[in-house]
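What follows draws every value from the coordinates through simple rules; no lab data is involved. Since we're looking at a predicted model, the values are computed, not measured. So basically every Cβ, Gly included, is an ideal-geometry build from the backbone, and we count neighbours across all protein chains shown.
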Amino acid sequence: MTERLAPEQCDSLEGIAEPAENQHLVGHSEAVESVIAAYRSGKLHHALLLTGPRGIGKATFAFQLARYLLENPDAGAERVPFGESNPGGSIFRQVASGAHPGVLHLTRPFDEKGKKFKTTITVDEMRKVSRFLSLRSHDGSYRVIIVDPADDMNRNAANALLKNLEEPPSRVLFLLISHAPGGLLPTIRSRCQVLRFQPLVQTEVETVLGHTAISLPSNPQARQALLDGAAGSARAAILLAEHGGADIIAAADAYLGAPRRDPLDAYKLADAVAGRDHEVRFDILNAHLLDRITAESRAAAMAGDARRAAVLAELWDDVRASITDTVTYNLDKRQHVVGLLDRISDGIAG
């Protein structure tokens, strides 16, 4: 990436294009074909819930769809095919930089006072929706609201969004990105059409990384181990390759799967991620632990064990709250990690 256009976000990775400025959507052709067909037929739902694991391209899809709608205000006369927006053009650059009046991107805001990103999408951020909807498009094209991810909304923000979803104006599209849709309000989910995004296949992960400066291991066994660990997530592959994520995830999974847990192993892992300069490693561990719970809950639901799926969904909520509190109130990260590992071990074992 030569020129950065998009503002920094809470989960930005150095040297990696933000979804808003990413020209390359890899995979997900079924989702693309589905929304394009709906738009052309005049049946595009006013709210799409984009679900699937983190780091597979949901946000990139959302921004490419926003650009497609802006560049093709007449559904019957396509001028710019999906994903082929000119990166030097005004629409691409305005959307990427957050300056286009037809696109509102809501994510966790930066707290100028605390000099760090907030841990949730706040109700103040969500109030921007009403102001945005009060404006009109100058050429009759869609106005697009991207909530990225909707999982980060606090309860007040979620309730504020719900009011806007209930009676949306015409030619307005809500795109809600969610890594764990079970945590959203049922009333929000019921007002959205769900688009399920599947993990990338390994060749697709390699293609995504080929658009970056990230190098996969040259050793075939190490390369395969990294791709297996990424589980179809390009973001996970980047973290595994660049930030010691492979060792962190391996240590966490070993602890979670151990028949007899050694507290020293938990403290060693906590020491590896809880240092002052280890914010990315801390985020890697927290994200992986949440993903493990999500995977266990999904497996239970597919097996027909609704009770276990519900218990794990509640555990996910509790763990997410613990992570938020630890970051918000600057609590002891070491104790947070040790306690979390044991809670999750007990939860997925049950």
Using a basic spin-label model with each label point 7 Å from the Cα along Cα→Cβ, how many nm lie between residue 254 and residue 302?
2.8 nm
Would you mind calculating the relative contact order of the chain from Cα pairs under 8 angstrom and at least 6 residues apart, reporting the percent as a whole number?
17 percent
Which FRET efficiency value, to the nearest 0.05, is calculated for residue 261 and residue 196 with the Förster distance at 51 angstrom and r the Cβ-Cβ distance?
0.90
Rounded to whole Hz and in sequence order, give me ³J(HN,Hα) for region 319-326 from the Karplus expression 6.51 cos²θ - 1.76 cosθ + 1.60, θ = phi - 60°, writing x for Gly and Pro.
5, 4, 5, 5, 4, 4, 5, 4
Going by a ≥ b ≥ c, the root eigenvalues of the Cα gyration tensor, does region 19-196 fall in the rounded group (a/c under 1.5), the prolate group (a/b larger than b/c) or the oblate group?
rounded
Residue 103 long-range amide H proximity, modeled H, under 5 Å
144
How far is the Cα center of region 51-92 from the Cα center of region 166-219, in Å?
14 Å
For residue 111, the residues 5 or more places away or on another chain with a placed amide H closer than 5 Å to its own amide H are 116, 117, 118
Report, in debye and to the nearest 20, how large the dipole of the chain comes out about its Cα centre when Lys and Arg carry +1 and Asp and Glu carry -1 on their Cβ.
860 debye
At 222 nm, what value in deg cm²/dmol follows for the chain if DSSP H runs of at least 4 each add -39500 (n - 2.57) and the sum is divided by all its residues, to the nearest 500?
-16000 deg cm²/dmol
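State, as an integer percentage, the relative contact order of region 243-349 based on alpha-carbon contacts under 8 Å between residues 6 or more apart.
Rounded, it is 32 percent for region 243-349.
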Cut-off is 10 Å between beta-carbons; in what order do 139, 152, 346 appear when sorted fewest neighbours first?
139, 346, 152
Which residues' amide hydrogens lie under 5 Å from the amide hydrogen of residue 47, considering only partners 5 or more residues apart or on another chain, with H built in the peptide plane?
174, 193
Sort 143, 281 so the one with the fewest other Cβ atoms within 10 Å of its own Cβ comes first.
281, 143
Quick check: net charge around residue 141, other residues with Cβ under 12 Å of its Cβ, Lys/Arg +1 and Asp/Glu -1?
+2
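For the pairs 113/163; 118/333; 58/128; 58/333; 115/333; 118/163, flag any whose C-alpha to C-alpha distance is greater than 25 Å.
113/163; 58/333, as the Cα separations exceed 25 Å there.
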Can you sort 126, 302, 153 from fewest to most other Cβ atoms within 10 Å of each residue's own Cβ?
302, 126, 153
The chain: most fluctuating residue of 210, 182, 232 per GNM, C-alpha cutoff 10 Å:
210
